[in-house]
Amino acid sequence: MSGLLELDDLARHFPVRDALGRARGAVRAVDGVSLSVPQGSVLAIVGESGCGKSTLGRLALRLIEPDRGAVRFMGEDLRALSARALRARRRDMQLIFQDPFASLDPRMTVEDAVAEPLRLHRVVPRGAERARVAELLERVGLRPEAARRWPHEFSGGQRQRIAIARALASGPKLIIGDEPVSALDVSVQAQVVNLLQDLIRDLGLTFVLISHDLGVVRHIADRVAVMYLGTIVEAGPAAQVFGAPRHPYTRALLAAVPGHGARAAPIEGDPPSPIAPPAGCRFHTRCPFAEAVCREHVPPLAGSTHLAACHLQDRLPPAAALHERNAGGDRLRRLQAYFGAPAPQPDTTGVHA
Ligand code: SF4
């Protein structure tokens, strides 16, 4: 069954130039991503900062153009649409930005901000706009009187509610939320996550959540795709990805989530440059299990419903064993710090730290 949104081998490389304007390679922000988002589902795209997930969200809405690949929304190829047809289609596809302080125009009242999409897409007759804005504000937990005020008069959480009301105004089928709660205080995050959950359920929305915060993802997503250096390394039902992660990178990300249980030591080191990603498996420079095959051959994204791009996914040690070994590594580091001298190294035969 095809999804409401289909991404097929999507890629976008941003040229890098030196001070004289000469080409010096390209940042491979998104490098061959295929995904399907079923109608009414919540897909979370997760990964470290810089993995390409925000670029992927913008490509999916055709806010930026891909270098290659296809984006199909409701079976329609978005790349084939004229600018006019694309504007009309945007009524069904909205984006919620991370920063509620930047996403609202400070020169517009709340009423004007929320009414703008109503006017642009002629959603209701002009005389009915005010009532519709009041309805939308109530729907996101704000009083109708908020319409007369200015964005700076609201807290971060309230401003994000206004941004959500604005995203809902055109009656979209798909909303992409790019880190929609990460700029908010922790105490407010839960309220906005609950609001999003209610809206998704009540309005039958399809939602793509872009987030580095697996704690938030766990609450809201029914499917998860994990990105690393511009590619998908694991994807599947959220219960399976969280319950039995098959890729070492996913295991390491999950290990950093409070309350998830220490299944592996958090990942160490920075990701390699997306200008020159490593050959073979892009994760091999940080993977504790890397073998020769990992450095030479790109692992395919393999599996039926739960997919992972790892040559060794069927013979990785149990998560508990991994934790034991990493705990040993921590002990060595503590000894080194205590004695002020290099501690004995662990046996890493066949293992690349
Ligand atoms: Fe690690 Fe090799 Fe799997 Fe890549 S393919 S994640 S390097 S074990």
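For the reader, a short list of remarks on this structure follows.
- Subset of the stretch 49-58 [open to solvent by 40 Å² or more (accessible area, probe 1.4 Å) and not in a helix (DSSP H, G or I)]: 49, 50
- The lone criterion from (1) in contact (Cβ under 8 Å) with a residue 12 or more places away in the chain; (2) exposed (fewer than 14 other Cβ atoms within 10 Å of the Cβ); (3) not aromatic (Phe, Trp, Tyr) left unmet by residue 132 is number (2).
- For the stretch 136-165, residues that are exposed (fewer than 15 other Cβ atoms within 10 Å of the Cβ) and assigned to a helix (DSSP H, G or I) total 5.
- Single residue of 233, 224, 257, 208 found to be under 21 Å from residue 180 (Cβ atoms) and touching a Phe, Trp or Tyr at 6+ places or on another chain (Cβ under 8 Å): 224
- Whenever a residue of the stretch 201-225 is among the small types (Gly, Ala, Ser), its partners that are in a helix (DSSP H, G or I), lying with C-beta atoms within less than 7 angstrom and at least six residues away or across chains, give the pairs 211/217; 221/238.
- Single residue of 182, 170, 211 found to be among the polar types (S, T, N, Q) and in contact with a His (Cβ under 6 Å, 6 or more places away or on another chain): 170
- Condition broken by residue 170, with the remaining ones in (1) open to solvent by less than 10 Å² (accessible area, probe 1.4 Å); (2) part of a helix (DSSP H, G or I); (3) over 16 Å from residue 221 (Cα atoms) satisfied: (2)
- Selection from the stretch 59-75 of residues that are in a strand (DSSP E or B) and more than 18 Å from residue 205 (Cβ to Cβ): 68, 69, 70, 71, 72
- Single residue of 83, 26 found to be over 30 Å from residue 242 (Cα atoms), in contact (Cβ under 8 Å) with a residue 60 or more places away in the chain and surrounded by fewer than 19 Cβ atoms within 10 Å (Cβ to Cβ): 26
- Taking the criterion of being within 21 Å of residue 173 (Cβ to Cβ), open to solvent by 40 Å² or more (accessible area, probe 1.4 Å) and touching a residue at least 60 places away in the same chain (Cβ under 8 Å), the residues of the stretch 1-23 that qualify are 2, 8.
The values are calculated or read from the model by the stated rules, or taken from the named source; none is laboratory data. As the structure is a prediction and not an experimental result, all values here were calculated from the model. Cβ atoms come from the backbone with ideal geometry, glycine included; neighbour counts cover every protein chain shown. Areas reflect the complete protein model, heavy atoms only, side chains present, ligands, DNA and RNA absent. Shrake-Rupley method; radii C 1.70, N 1.55, O 1.52, S 1.80 Å.
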